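Accompanying notes for the structure given below.
Throughout, read-outs are computed from the coordinates displayed, never taken from laboratory work. The structure displayed is predicted, hence computed values, not measured ones. Cβ: placed from backbone, ideal geometry, glycine included. Neighbour counts: every protein chain shown.
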Ligand code: COA
């Protein structure tokens, strides 16, 4: 079967998490992704958070499937020549170096344009143009600068970062979309372009609803679906809302049977207005259906704490899966708090290819997250990440280098 990005060649100059997330997605859509790594070193994540000595870490393997790896010293003139040959034959260069690093290597936009005017150059940086544009940035810095941390956590505690890697993987996703859009535009213009996804901007995009709330707060001084209402106080910035849903349908995380010993014996429960009568029946409060204090969504906002306390009395009598089964029979939106252990064993996620077992020559079998985007005419087959420089000779031969040239480059430690 063909793939959506068959024929697209990616010069993958990415490292760590944000860039590799992007190029891994492109590889899953069928692009030929050639990852360029520093000769002798490779992507730093190969050696980070290792669980097996001298074996590529899960951090690396889980972000670099379906790619080829070549080693190249791009600061050596002969390495630069190889890089130039790659620029001439690839469609997209993706990079997430520190600001200015590509220019310092001599790989300026003007240089790339001169070699290949059709090339798209896609970058992740921590910040866009402005006072912080020169800063190096990692995941949690982006979560803090993009507004996620100030709006996550509980009112009486410090800002909190999320386990979801919205700064790195979230930005990688944004960049992948920009690349695909630029490839599409190139069909009509014949030209490449620069694509930039700053991590701060990507996080803010994902926190869009909080900027919405900032303006609501400034206009009205209060927000009724926040836990600070009606008893607590609002300041002048959007506060941390705990586990409140933040949307038009109030929700909360509630304890289930076993919560005393199991840290994940909880369920997320949404009191969707459309199913309020069903909720009242299920929890044993049929009188609340007509009771003025609870009958309308507006009235309920004044009593969310006691309402959730009562629902929790019910959820605590059941384990989270039993509660979910009952609630789903009534179309009441809810979701169990799943641990990574439970997710790893989830049969549906395995069947859909979202949790995949991969075999690796030096590490053996491991689990990874496959392509979360499913396409009917471009199926994803997850293949293992490359060993450092595994495809150097193959790629150089494709570029026209002879065995003798390759031996010389190796002797001079260019590859
Ligand atoms: N051959 C020779 N040199 C190479 C090379 C190669 N194949 N690949 C990289 N290098 C060099 C770079 O040119 C750079 O040299 P310079 O400092 O002389 O310009 C050097 O390696 C280090 O690159 P850099 O990107 O600065 O890595 P770092 O480890 O110091 O910083 C980050 C890491 C992630 C903080 C930084 O890259 C960054 O801020 N990136 C943008 C934001 C981002 O993506 N952050 C999230 C990462 S998940």
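Looking at the chain alone, DSSP beta bridges between its own residues are antiparallel in about 40 percent of cases. To the nearest 0.05, what FRET efficiency results for residue 342 and residue 205 with a Förster distance of 30 Å applied to their C-beta separation? The pair residue 342/residue 205 has a calculated efficiency of 0.50.
A convex hull fitted to the Cα coordinates of the stretch 34-188 yields 150 cubic angstrom per residue. Taking only the Cα atoms of the stretch 248-303, the ratio Rg/Rh comes out at 1.05, with Rh defined as the Kirkwood radius.
Its relative contact order, with pairs defined as Cα atoms under 8 Å and 6+ residues apart, puts the chain at 19 percent.
For the chain, what does the helix formula give at 222 nm: sum of -39500 (n - 2.57) over DSSP H segments with n ≥ 4, over the residue count, nearest 500 deg cm²/dmol?
-10000 deg cm²/dmol
The share of Cα pairs per 10 Å bin across the stretch 29-88, counted from zero up to the longest distance, runs 21, 43, 29, 7 percent. Taking the chain as a Gaussian network of alpha-carbon nodes connected by springs under 10 Å, the highest mean-square fluctuation of the residues 96, 187, 243 belongs to 187. Calculated from the alpha-carbon coordinates, the stretch 189-327 shows an Rg and a Dmax of 19.3, 67 Å respectively.
For the stretch 270-415, averaging the sequence separation of C-alpha pairs within contact (under 8 Å, six or more residues apart) and dividing by the residue count gives a relative contact order of 13 percent.
Report, in degrees rounded to the nearest 10, the 0 to 90 angle that the Cα long axis of helix 18-28 makes with the longest principal axis of the chain. Value to nearest ten degrees: 80. Between residue 350 and residue 413, the simple label model (points 7 Å from Cα in the Cβ direction) yields a spacing of 4.7 nm.
Normalised by residue count, the chain yields a Cα convex hull volume of 181 Å³ per residue.
For the stretch 229-314, calculate the relative contact order in percent as a whole number, restricting contacts to Cα pairs under 8 Å that are 6 or more residues apart.
21 percent.
Between 299, 323, 197, the Gaussian network model of the chain with springs among Cα atoms under 10 angstrom shows the greatest mean-square fluctuation at 299.
How large is the translational diffusion coefficient of the stretch 112-232 in µm² per second when you combine the Kirkwood radius over alpha carbon pairs with Stokes-Einstein at 4 °C and 1.567 mPa s? Let's see the in-between values first.
Values: Rh = 16.5 Å.
For the chosen part, D equals 79 µm²/s.
Projecting label points 7 angstrom from Cα along Cα→Cβ for residue 133 and residue 291 puts them 5.9 nm apart. Enclosing the Cα atoms of the stretch 217-274 in their convex hull gives a volume equal to 108 cubic angstrom per residue. Label-to-label distance, residue 404 versus residue 78, with points set 7 angstrom from Cα along the beta-carbon direction: 1.3 nm.
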